[in-house]
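Accompanying notes for the structure given below.
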Amino acid sequence: HAATDQRELFERISLLAHSFGVLIAATYALTYPEHLEAAVLTGAPSVFDFPGGFAQRRGIVAPALDDEGLRAFVRSKLPSFFHRYDPAVVERLDARLRYSGRANAYGTACLPTFNLRARRDRWVARTLIIAGGRDAITPTAGAQRLARSIDGARVATLDQSGHFPFIEEPE
(Lines give C-alpha, C1' and ligand atoms only; values in the text may rest on other atoms or scores of the structure.)
Protein backbone atom coordinates (compact mmCIF):
# COMPACT_ATOMS: atom_id res chain seq x y z
CA HIS A 1 0.00 0.00 0.00
CA ALA A 2 2.83 2.44 0.78
CA ALA A 3 4.37 1.88 -2.65
CA THR A 4 1.05 2.70 -4.32
CA ASP A 5 0.70 5.88 -2.28
CA GLN A 6 4.23 6.93 -3.21
CA ARG A 7 3.59 6.32 -6.92
CA GLU A 8 0.44 8.41 -6.72
CA LEU A 9 2.37 11.14 -4.94
CA PHE A 10 4.79 11.39 -7.86
CA GLU A 11 2.28 10.79 -10.64
CA ARG A 12 2.65 14.45 -11.68
CA ILE A 13 5.75 16.47 -10.86
CA SER A 14 7.11 19.95 -11.30
CA LEU A 15 10.66 20.26 -12.60
CA LEU A 16 13.20 22.91 -11.79
CA ALA A 17 16.19 22.82 -14.13
CA HIS A 18 19.23 24.98 -14.72
CA SER A 19 21.57 25.28 -17.70
CA PHE A 20 22.63 21.88 -19.06
CA GLY A 21 19.95 20.35 -16.81
CA VAL A 22 17.32 22.04 -19.00
CA LEU A 23 18.26 19.64 -21.80
CA ILE A 24 17.64 16.70 -19.45
CA ALA A 25 14.40 18.20 -18.15
CA ALA A 26 13.16 18.86 -21.69
CA THR A 27 13.89 15.28 -22.68
CA TYR A 28 11.85 14.10 -19.68
CA ALA A 29 9.02 16.57 -20.43
CA LEU A 30 8.72 15.35 -24.00
CA THR A 31 9.03 11.67 -23.13
CA TYR A 32 6.55 11.72 -20.24
CA PRO A 33 4.27 14.74 -20.80
CA GLU A 34 1.48 13.12 -18.80
CA HIS A 35 3.66 13.25 -15.68
CA LEU A 36 4.78 16.88 -15.88
CA GLU A 37 2.65 19.44 -14.07
CA ALA A 38 4.93 22.46 -14.52
CA ALA A 39 8.49 23.44 -15.37
CA VAL A 40 10.77 26.25 -14.26
CA LEU A 41 13.78 26.57 -16.54
CA THR A 42 16.64 28.92 -15.76
CA GLY A 43 19.82 29.63 -17.70
CA ALA A 44 18.05 27.73 -20.45
CA PRO A 45 19.43 27.09 -23.90
CA SER A 46 16.76 27.03 -26.59
CA VAL A 47 16.25 23.26 -26.56
CA PHE A 48 14.21 23.06 -29.75
CA ASP A 49 16.85 24.57 -31.98
CA PHE A 50 19.89 23.67 -29.95
CA PRO A 51 22.98 23.94 -32.13
CA GLY A 52 25.41 21.15 -31.37
CA GLY A 53 28.39 23.48 -31.23
CA PHE A 54 26.71 26.02 -28.94
CA ALA A 55 28.65 25.27 -25.77
CA GLN A 56 31.89 24.47 -27.58
CA ARG A 57 31.84 27.87 -29.32
CA ARG A 58 31.44 29.58 -25.97
CA GLY A 59 34.39 27.64 -24.57
CA ILE A 60 32.37 26.24 -21.68
CA VAL A 61 32.51 22.55 -22.45
CA ALA A 62 35.52 20.92 -20.89
CA PRO A 63 37.76 18.58 -22.84
CA ALA A 64 38.03 15.02 -21.52
CA LEU A 65 39.35 15.42 -17.98
CA ASP A 66 39.40 13.48 -14.74
CA ASP A 67 37.22 14.75 -11.88
CA GLU A 68 39.81 17.15 -10.44
CA GLY A 69 40.75 18.42 -13.89
CA LEU A 70 37.09 19.14 -14.57
CA ARG A 71 36.81 20.99 -11.25
CA ALA A 72 39.80 23.20 -12.18
CA PHE A 73 38.36 23.87 -15.65
CA VAL A 74 34.91 24.81 -14.31
CA ARG A 75 36.37 27.04 -11.61
CA SER A 76 38.44 28.87 -14.24
CA LYS A 77 35.25 29.63 -16.20
CA LEU A 78 32.93 30.54 -13.30
CA PRO A 79 33.78 34.27 -13.16
CA SER A 80 32.23 34.68 -16.63
CA PHE A 81 29.01 33.03 -15.43
CA PHE A 82 28.20 35.88 -13.03
CA HIS A 83 27.25 39.50 -13.53
CA ARG A 84 28.78 40.35 -10.15
CA TYR A 85 31.49 37.80 -9.45
CA ASP A 86 31.99 37.07 -5.75
CA PRO A 87 34.77 34.55 -4.94
CA ALA A 88 33.06 33.63 -1.64
CA VAL A 89 29.87 32.66 -3.49
CA VAL A 90 31.89 30.55 -5.91
CA GLU A 91 33.61 28.79 -3.00
CA ARG A 92 30.23 27.88 -1.49
CA LEU A 93 28.92 26.76 -4.88
CA ASP A 94 32.03 24.68 -5.59
CA ALA A 95 31.83 23.00 -2.17
CA ARG A 96 28.37 21.67 -3.09
CA LEU A 97 29.22 20.43 -6.57
CA ARG A 98 30.22 16.91 -7.42
CA TYR A 99 32.40 16.75 -10.49
CA SER A 100 32.47 13.78 -12.84
CA GLY A 101 34.86 13.92 -15.76
CA ARG A 102 33.32 10.72 -17.13
CA ALA A 103 29.76 12.08 -17.06
CA ASN A 104 30.93 15.36 -18.57
CA ALA A 105 32.66 13.54 -21.43
CA TYR A 106 29.51 11.50 -22.11
CA GLY A 107 27.26 14.56 -22.08
CA THR A 108 29.61 16.48 -24.33
CA ALA A 109 29.68 13.60 -26.81
CA CYS A 110 25.86 13.66 -26.97
CA LEU A 111 25.55 17.40 -27.64
CA PRO A 112 26.08 17.37 -31.42
CA THR A 113 23.11 15.03 -31.90
CA PHE A 114 20.75 16.69 -29.39
CA ASN A 115 17.56 17.65 -31.21
CA LEU A 116 14.03 17.85 -29.80
CA ARG A 117 12.37 19.68 -32.71
CA ALA A 118 10.34 16.70 -33.86
CA ARG A 119 8.70 16.31 -30.45
CA ARG A 120 8.03 20.00 -29.73
CA ASP A 121 4.25 19.58 -29.81
CA ARG A 122 4.37 17.20 -26.84
CA TRP A 123 5.36 20.00 -24.40
CA VAL A 124 2.16 20.61 -22.44
CA ALA A 125 3.33 21.74 -19.01
CA ARG A 126 2.94 25.24 -17.62
CA THR A 127 6.38 26.77 -18.04
CA LEU A 128 8.30 29.67 -16.57
CA ILE A 129 11.67 30.52 -18.08
CA ILE A 130 13.95 32.63 -15.90
CA ALA A 131 16.71 34.47 -17.73
CA GLY A 132 19.65 36.41 -16.37
CA GLY A 133 19.67 39.73 -18.19
CA ARG A 134 23.49 39.66 -18.24
CA ASP A 135 23.91 35.95 -18.99
CA ALA A 136 26.71 35.52 -21.53
CA ILE A 137 26.30 31.72 -21.56
CA THR A 138 22.60 31.52 -22.45
CA PRO A 139 21.52 35.05 -23.48
CA THR A 140 17.95 36.24 -23.05
CA ALA A 141 17.35 35.91 -26.80
CA GLY A 142 17.56 32.13 -26.35
CA ALA A 143 15.05 32.26 -23.49
CA GLN A 144 12.67 34.28 -25.66
CA ARG A 145 13.12 31.84 -28.55
CA LEU A 146 12.44 28.91 -26.23
CA ALA A 147 9.32 30.60 -24.85
CA ARG A 148 7.96 31.10 -28.36
CA SER A 149 8.32 27.34 -28.88
CA ILE A 150 6.20 26.45 -25.83
CA ASP A 151 2.53 27.44 -25.80
CA GLY A 152 1.81 29.73 -22.87
CA ALA A 153 5.38 29.87 -21.57
CA ARG A 154 6.37 33.02 -19.73
CA VAL A 155 9.81 34.60 -19.44
CA ALA A 156 11.02 36.48 -16.38
CA THR A 157 14.26 38.38 -16.93
CA LEU A 158 16.34 39.30 -13.91
CA ASP A 159 18.37 42.23 -15.21
CA GLN A 160 21.21 42.17 -12.68
CA SER A 161 22.08 38.48 -13.07
CA GLY A 162 24.33 36.32 -15.15
CA HIS A 163 23.91 32.56 -15.58
CA PHE A 164 22.88 32.01 -11.95
CA PRO A 165 19.93 34.39 -11.38
CA PHE A 166 18.77 32.36 -8.39
CA ILE A 167 22.11 33.17 -6.70
CA GLU A 168 22.53 36.78 -7.82
CA GLU A 169 18.90 37.89 -7.40
CA PRO A 170 17.31 35.32 -5.07
CA GLU A 171 14.54 37.66 -4.02
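Being at pLDDT below 75, open to solvent by less than 30 Å² (accessible area, probe 1.4 Å), of a type outside the set (A, V, I, L, M) and touching a helix residue (DSSP H, G or I) at 6+ places or on another chain (Cβ under 7 Å) is the requirement here; does G69 meet it? Before you say what the answer is, go through the steps one by one.
Working: at pLDDT below 75: no; open to solvent by less than 30 Å² (accessible area, probe 1.4 Å): yes; of a type outside the set (A, V, I, L, M): yes; touching a helix residue (DSSP H, G or I) at 6+ places or on another chain (Cβ under 7 Å): yes.
No, not satisfied.
Rundown of residues vs (1) in contact (Cβ under 8 Å) with a residue 40 or more places away in the chain; (2) of a type in the set (A, V, I, L, M, F, W, C), yes/no style:
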| site | (1), (2) |
| --- | --- |
| Y85 | no, no |
| R96 | no, no |
| S100 | no, no |
| A105 | yes, yes |
| L111 | yes, yes |
| F114 | yes, yes |
| A118 | no, yes |
| I129 | yes, yes |
| R145 | yes, no |
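Return the residues of region 93-130 that are open to solvent by 40 Å² or more (accessible area, probe 1.4 Å), touching a Leu at 6+ places or on another chain (Cβ under 9 Å) and of a type in the set (S, T, N, Q); say none if nothing qualifies.
S100, N104
Matching residues to (1) among the hydroxyl-bearing types (S, T, Y); (2) open to solvent by less than 20 Å² (accessible area, probe 1.4 Å); (3) over 23 Å from R92 (Cβ atoms); (4) modelled with pLDDT of 95 or more:
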{"residue": "G132", "(1), (2), (3), (4)": "no, yes, no, yes"}
{"residue": "A136", "(1), (2), (3), (4)": "no, no, no, no"}
{"residue": "P139", "(1), (2), (3), (4)": "no, no, yes, no"}
{"residue": "R145", "(1), (2), (3), (4)": "no, no, yes, no"}
{"residue": "S149", "(1), (2), (3), (4)": "yes, no, yes, no"}
{"residue": "G152", "(1), (2), (3), (4)": "no, no, yes, no"}
{"residue": "T157", "(1), (2), (3), (4)": "yes, no, yes, yes"}
{"residue": "Q160", "(1), (2), (3), (4)": "no, no, no, yes"}
{"residue": "E171", "(1), (2), (3), (4)": "no, no, no, no"}
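The values are calculated or read from the model by the stated rules, or taken from the named source; none is laboratory data. None of the values given here were measured: they were computed from a predicted structure. Using ideal geometry, Cβ is built from the backbone for each residue, glycine included, and neighbour counts are taken over all protein chains shown. Note: accessible area is taken over every heavy atom of the protein model, side chains too, but ligands, DNA and RNA are not part of it. Shrake-Rupley method; radii C 1.70, N 1.55, O 1.52, S 1.80 Å.
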